[in-house]
Amino acid sequence: MNSLFQSEPLVLNLPDAEIVYYPHFFDKKEADTIFEQLKNEIPWQQDNIRVYGKTHPQPRLTALFGNEGKPYSYSNIKMQPNPWNPILQKIKSYIEGVSDTNFTTVLLNLYRDGKDSNGWHADNEKELGSNPIIASVSFGAERVFQLKHNSIPNLKQNILLEHGSLLLMKGTTQHFWKHQIPKTSKPIGSRINLTFRIIQ
C-alpha cells in the first residue's frame, strides 16, 4: 500500500474550526482495493439506537477496532473494539504520518445506499478529550458531508467526500460545529467511512 498525494490539501476557512481536506489521499486503484477488502473482511454489525425515547435500527452498519480495553460509547451504544488488523494498521500509519497524531481507535461505518445516513452530531464524547482530532477517510460512493455552526444559524458548509479522501477535524471544531451525512434519493452505491480518534 502506498499513499499518494495527488493534490494539495484544502484548508477550510471556517470560524471556530480547524478542518483540512485531502481529496486524493489514496489514488483510485489503491482506494478500490481497500474498499473491497474492508467491505468483505470487516465484521459489520447493526446496533439499535435510542432517539427521543424510541429504539430504531441504526441506519448504517458499523464496526470498532482499536487498542485493547478501550470501548467507545455514543447514542446509548457501547462498542467493544476488535483487535487491529493489517489493513487498518496500514491506513492508520499513513494518517498518523500526515496528522502527527497517534490514534487508538477507529469507528467504521458502512453506508449501504442512499437510505443509510448519520444525523446531526458532534464527536464530543468525554472519552475523546477536550479538543479531539478526528481523521475521516472515505472509500466508495461519494457522499455529501454537511457542517453547521452551533450558534450562527446561517453558517453552513457542504463537502463532497470523494473516494480515497481524508478529512481532518481538530482544535475547537467539535465544540462549535455539528456534522452529518444526510440521506439521498439518488441511486448511489456503498460507501465506507473510517473515523480515527483517540480514546483517553
Query raised in the report: Out of (1) over 13 Å from the mean Cα position of the chain (by Cα); (2) part of a loop (DSSP other than H, G, I, E, B), what's the single condition that is false for Asp123?
Result: (1)
Report task. Output the qualifying pairs, or none if there are none: Cβ atoms under 6 angstrom, residues six or more apart or on different chains, first residue in the stretch 66-84 and of a type in the set (S, T, N, Q), second residue modelled with pLDDT of 80 or more. Result -> Asn67/Thr104; Ser75/Ile49; Gln80/Pro71; Asn82/Phe65
Query raised in the report: So Ser165 fits all but one of (1) small (Gly, Ala, Ser); (2) within 12 Å of Glu142 (Cα to Cα); (3) surrounded by fewer than 19 Cβ atoms within 10 Å (Cβ to Cβ); what number is the exception?
Result: (3)
**Report entry** Residue that is most open to solvent (accessible area, probe 1.4 Å) [pool: residues in the stretch 27-37 that are out of contact with any Leu (no Cβ under 8 Å at 6 or more places or on another chain) and of a type outside the set (S, T, N, Q)]
**Finding:** Lys29
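Is it the case, given these coordinates, that His175 is out of contact with any Lys or Arg (no Cβ under 6 Å at 6 or more places or on another chain) and surrounded by 21 or more Cβ atoms within 10 Å (Cβ to Cβ)? Please lay out each step first, then the result.
Numbers: out of contact with any Lys or Arg (no Cβ under 6 Å at 6 or more places or on another chain): yes; surrounded by 21 or more Cβ atoms within 10 Å (Cβ to Cβ): no.
So His175 fails the test.
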Query raised in the report: Before we move on, is Arg112 within 29 Å of Lys186 (Cβ to Cβ), open to solvent by less than 60 Å² (accessible area, probe 1.4 Å) and among the basic types (Lys, Arg)?
Result: no
Requested in this report: Go through the stretch 38-58 and count every residue that is modelled with pLDDT of 95 or more and open to solvent by less than 60 Å² (accessible area, probe 1.4 Å).
Outcome: 3
Query - Sole exception among (1) more than 12 Å from the chain's Cα centre (by Cα); (2) within 23 Å of Gly69 (Cβ to Cβ) for Ile134, by number - result: (1)
Query raised in the report: Is at least one residue of the stretch 78-86 among the polar types (S, T, N, Q), at pLDDT 95 or above and closer than 21 Å to Leu12 by Cα?
Result: no
Requested in this report: Have a look at Ser151, Ser99 and point out the one that is over 19 Å from Lys39 (Cα atoms) and either crowded, with 16+ Cβ neighbours inside 10 Å or in contact with a strand residue (DSSP E or B) (Cβ under 9 Å, 6 or more places away or on another chain) (or both).
Outcome: Ser99
**Report entry** Failed criterion for Ile134 (all others in (1) open to solvent by 10 Å² or more (accessible area, probe 1.4 Å); (2) in contact with an Asp or Glu (Cβ under 6 Å, 6 or more places away or on another chain) hold)
**Finding:** (1)
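The values are calculated or read from the model by the stated rules, or taken from the named source; none is laboratory data. This structure is a prediction, so every number in the text was calculated from the model and none was measured. Neighbour counts are summed over all protein chains in view; Cβ atoms, including those assigned to glycine, are modelled from backbone coordinates with ideal geometry. Just the protein is used for accessible areas: all its heavy atoms, side chains included, with ligands, DNA and RNA removed. Shrake-Rupley method; radii C 1.70, N 1.55, O 1.52, S 1.80 Å.
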